[in-house]
Amino acid sequence: MEMGDEQRYRVVLFGAGKVGKSAIIAQFLHNEFKEKYKETVEDLHCREYNVNGNCIKVDILDTSGTLQFPAMRRLSISTGHAFLLVYSIDSRDSFKEIEATYEQIREQRENFDEIPVVIVGNKKDLDLDREVDSQDVEDTIASHSWHCAHIEASAKENSNILDIFQKLLELANIPAARQLSPVLKRRMSERVTSKRRKTGDTLHTFKESEKEMSRSRSLIRRVGRPKVKHVDPTKNDCIIC
């Protein structure tokens, strides 16, 4: 995982088509939700964080839910440092696929018990159409002795999205990854306060990058400069330099 002074941490999302894997990523990274469904083949989202002087690169791999590429799937399993297994609470079949995926990961990875895994029940906003009961999932986890956490969330309502990634970090045995916890909290706060500011809220907005902060400091310096008073030469104003 280490490359020089850089460290890489890869999170892989598995799940059936239309369960909301891409929507979860979009809410986490961009604080947005799109109703229109677009089929994913494989998307890789990369982010860099500076934690205590160390550069940590986080890759979030969004895998295909409907198009099956066995070789790509095996590669994703072999290179993942953590896994999010996503099902939709209104689809029993989507949870069955998660059960099969979990067993596939356990068979392929020798160090499986050390790998953070979070099972995510997405679309909690569709509770009236629920086909998968939360307690049934907990019972399945217990009966199969799965080493994982379980969270229900809603990408549409941005409910428990940050908790998903926080839980991954709690389960991580990689010290550098655990250090990302407060960074991710701050990132979410930045997006929320930025959104409020756009709607007229006066809360302070944290900057998303050093470039933005530099630009802001430059702006403050320009604003803070004393204004030059333009004097009418026909008047007898007394100017003290």
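When you check Asp125 against the structure, is it under 17 Å from Asn160 (Cβ atoms), touching a residue at least 24 places away in the same chain (Cβ under 8 Å) and touching a Lys or Arg at 6+ places or on another chain (Cβ under 8 Å), yes or no? Even if it seems obvious, please write down each step before you answer.
Numbers: under 17 Å from Asn160 (Cβ atoms): yes; touching a residue at least 24 places away in the same chain (Cβ under 8 Å): yes; touching a Lys or Arg at 6+ places or on another chain (Cβ under 8 Å): yes.
Yes, satisfied.
Using the structure shown, decide if Asp93 is more than 24 Å from the chain's Cα centre (by Cα), touching a residue at least 60 places away in the same chain (Cβ under 8 Å) and under 20 Å from Lys18 (Cβ atoms).
On the way: more than 24 Å from the chain's Cα centre (by Cα): yes; touching a residue at least 60 places away in the same chain (Cβ under 8 Å): yes; under 20 Å from Lys18 (Cβ atoms): yes.
Spelling it out, Asp93 is indeed more than 24 Å from the chain's Cα centre (by Cα), touching a residue at least 60 places away in the same chain (Cβ under 8 Å) and under 20 Å from Lys18 (Cβ atoms).
The number of residues in segment 158-175 being surrounded by 20 or more Cβ atoms within 10 Å (Cβ to Cβ) and β-branched (Val, Ile, Thr) comes to 2.
So that you can scan it fast, the table gives a plain yes or no per residue for (1) exposed (fewer than 15 other Cβ atoms within 10 Å of the Cβ); (2) in contact (Cβ under 8 Å) with a residue 12 or more places away in the chain; (3) at positive phi; (4) not in a helix (DSSP H, G or I):
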| residue | (1), (2), (3), (4) |
| --- | --- |
| Ile98 | no, yes, no, no |
| Ile105 | no, yes, no, no |
| Gly121 | no, yes, no, yes |
| Val132 | no, yes, no, yes |
| Gln135 | yes, no, no, no |
| Ala177 | no, yes, no, no |
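Scanning segment 38-53 for residues that are assigned to a strand (DSSP E or B) and surrounded by 13 or more Cβ atoms within 10 Å (Cβ to Cβ), we see that the one that is modelled with the lowest pLDDT is Glu42. Tallying residues that are surrounded by fewer than 20 Cβ atoms within 10 Å (Cβ to Cβ) and part of a loop (DSSP other than H, G, I, E, B) within segment 137-157 yields 7.
The values are calculated or read from the model by the stated rules, or taken from the named source; none is laboratory data. Given the structure is predicted, the values throughout are model-derived calculations rather than measurements. Heads up, the Cβs are rebuilt from the backbone with ideal geometry, glycines too, and the neighbour counts pull from every protein chain shown.
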